[in-house]
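Here the structure comes first, spelled out in structure tokens, and everything after it is commentary.
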Amino acid sequence: MPVALAVSVSSRLPVLLAPAGWRAVTAGRPVAALPGAAATAGALRAAGVPVAEVADAAAVLARPDEVVCLADAAELADLPGVPVVAGAPEPPGARLLDVVTVMDRLRSPGGCPWDAEQTHASLRGYLLEEAHEAYDAIVDGDAAAMREELGDVLLQVVFHARVAAEADTGRRFDVDDVAGDLVDKLVRRHPHVFGDAGPRDVAQVEAGWEEIKKAEKQRRSPTEGVSRSQPAASWGAALVRRATRAGLPTPPPVQLAVDSPEALGELLFGLVVAATERGWDAEDALREAVRRYAGELDAAAEDAVRD
């Protein structure tokens with residue numbers, strides 16, 4: 001058999017070669033590379049391993065000698081019956097590299113003119129839209145839609161990171177900076193997993209997360225870091241939770257004559273209907289109330305600092 005062994009390689013990670021793959025290409029047999037393995041072949045040559053390039057599977061099968069053939073996953077199908085060594089098993093998340101590569105192509109000269117002219121400001125509405133659509137898919141329990149919409153959210157993350165990579169010094173960051181900051185944050189805030197904090201139950205994990213976050217952020221008021229663009233009910237709930245943890249006052253709760261979330265939803269919807277009939281915008285009314293409360297929290301936090 002002209003092909004003694006096929007070694008699968010990754011076009012995404014061309015310089016990655018597992019021990020089994022390295023042993024195969026350095027065992028003494030001639031090495032040939034199909035087009036999908038061209039980048040790996042170049043890296044091997046740079047390391048001193050001779051690699052011949054062949055046009056296709058027919059060409060390598062026609063060779064008179066027994067060779068080790070480098071091929072990507074698609075090309076392996078053209079080598080039936082040939083033993084295969086997993087030369088570069090891709091780790092989970094490898095296709096994220098493709099996302100970055102595609103975005104780079106779209107944004108670069110010769111790419112897409114629409115993508116090239118976008119800014120953080122022009123894209124911000126899409127981020128909210130895609131997040132809402134992903135939320136709807138989760139609520140609906142629609143796995144196919146969830147997969148698609150999470151991809152659209154990921155697109156927005158990568159898109160903004162690519163725009164930021166072109167910014168002026170001082171405002172510039174890239175997708176690796178985004179990922180690196182996230183990894184560092186997750187490690188810091190999980191000392192029971194990555195450190196020596198010892199086992200914790202869920203309540204202790206939540207309390208520890210908040211303590212670490214508080215030390216990191218050094219926020220002066222519970223309102224800092226709470227998004228004002230979220231729906232008013234969510235904004236208000238977030239402020240109440242923050243204020244409660246900080247020991248600051250919260251508005252007095254009204255008496256609820258309902259005993260389930262479903263009944264509460266009906267009551268709230270009824271209030272929306274009543275407000276609409278009077279020409280009032282229930283969202284705006286609640287937002288103004290929450291805004292006033294946020295101002296009260298800021299004042300209370302300043303008083304606490306002075307005391």
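Structure above, values below:
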{"quantity": "For ALA197, residues with placed amide H under 5 Å, excluding near neighbours", "calculated": "HIS192"}
{"quantity": "The chain - share of DSSP beta bridges that are antiparallel (%, nearest 5)", "calculated": "0 percent"}
{"quantity": "Accessible surface of ARG241 - all protein chains present, 1.4 Å probe, nearest 10 Å²", "calculated": "130 Å²"}
{"quantity": "Isotropic mean projected area of the C-alpha convex hull, the chain (nm²)", "calculated": "26.0 nm²"}
{"quantity": "Residues listed by number, the stretch 1-42, amide nitrogen under 11 Å from ASP176 label point at 7 Å toward C-beta", "calculated": "none"}
{"quantity": "FRET efficiency for LYS217 and VAL99, using Cβ-Cβ distance with R0 set to 35 Å, rounded to 0.05", "calculated": "0.70"}
{"quantity": "Extension reserve of the ASP184-GLU277 stretch, reckoned as 0.36 nm per residue once the Cα distance is removed", "calculated": "28.4 nm"}
{"quantity": "For the stretch 185-262 versus the stretch 61-88, the gap between their alpha-carbon centres in whole angstrom", "calculated": "55 Å"}
{"quantity": "Residue-averaged [θ]222 nm for the chain, counting only DSSP H segments that reach four residues, each worth -39500 (n - 2.57)", "calculated": "-18000 deg cm²/dmol"}
{"quantity": "Karplus-derived HN-Hα couplings along the stretch 265-277 (A = 6.51, B = -1.76, C = 1.60, θ = phi - 60°), whole Hz, x at Gly and Pro", "calculated": "x, 5, 5, 5, 5, x, 5, 4, 4, 4, 5, 5, 4"}
{"quantity": "Integer Hz, Karplus 6.51/-1.76/1.60 couplings in order for the stretch 161-174, x for Gly and Pro", "calculated": "5, 5, 4, 5, 5, 9, 6, 5, 4, x, 10, 8, 7, 10"}
{"quantity": "Karplus 3J(HN,Hα) series, Hz, for the stretch 126-143 with 6.51 cos²θ - 1.76 cosθ + 1.60 (x for Gly, Pro)", "calculated": "5, 4, 5, 4, 5, 5, 5, 5, 5, 4, 4, 5, 5, 4, 6, x, 8, 5"}
{"quantity": "Those GluC sites (Glu not before Pro) in the stretch 37-97 that DSSP places in a loop and that have at most 13 other beta carbons within 10 Å", "calculated": "GLU66"}
{"quantity": "Solvent exposure, largest accessible area first (probe 1.4 Å, DNA, RNA and ligands not counted), of GLU210, GLU262, GLU277", "calculated": "GLU277, GLU262, GLU210"}
{"quantity": "Gap separating the Cα centres of the stretch 112-137 and the stretch 19-57, nearest whole Å", "calculated": "42 Å"}
{"quantity": "Segment GLU210-ALA145, length gained on full extension (0.36 nm per residue, minus Cα span)", "calculated": "20.1 nm"}
{"quantity": "Heavy-atom accessible area order for THR169, THR119, largest first, 1.4 Å probe", "calculated": "THR169, THR119"}
{"quantity": "Nonlocal amide H pairs with VAL85, under 5 Å, H built at 1.01 Å", "calculated": "ALA6, VAL7, SER8"}
{"quantity": "Label-point separation in nm, VAL157 to ALA52, each point 7 Å along Cα→Cβ", "calculated": "4.6 nm"}
{"quantity": "Long-range amide H partners of GLU53 with built H, under 5 Å", "calculated": "ALA33"}
{"quantity": "Accessible-area ranking of ASP196, ASP174, ASP98, ASP136, largest first, probe 1.4 Å", "calculated": "ASP196, ASP136, ASP174, ASP98"}
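The values are calculated or read from the model by the stated rules, or taken from the named source; none is laboratory data. From a predicted model like this one, the values you see are computed outputs, not experimental measurements. Note: ideal-geometry Cβ built from the backbone for every residue, glycine included; neighbour counts use all protein chains shown. Note: accessible area is taken over every heavy atom of the protein model, side chains too, but ligands, DNA and RNA are not part of it. Shrake-Rupley method; radii C 1.70, N 1.55, O 1.52, S 1.80 Å.
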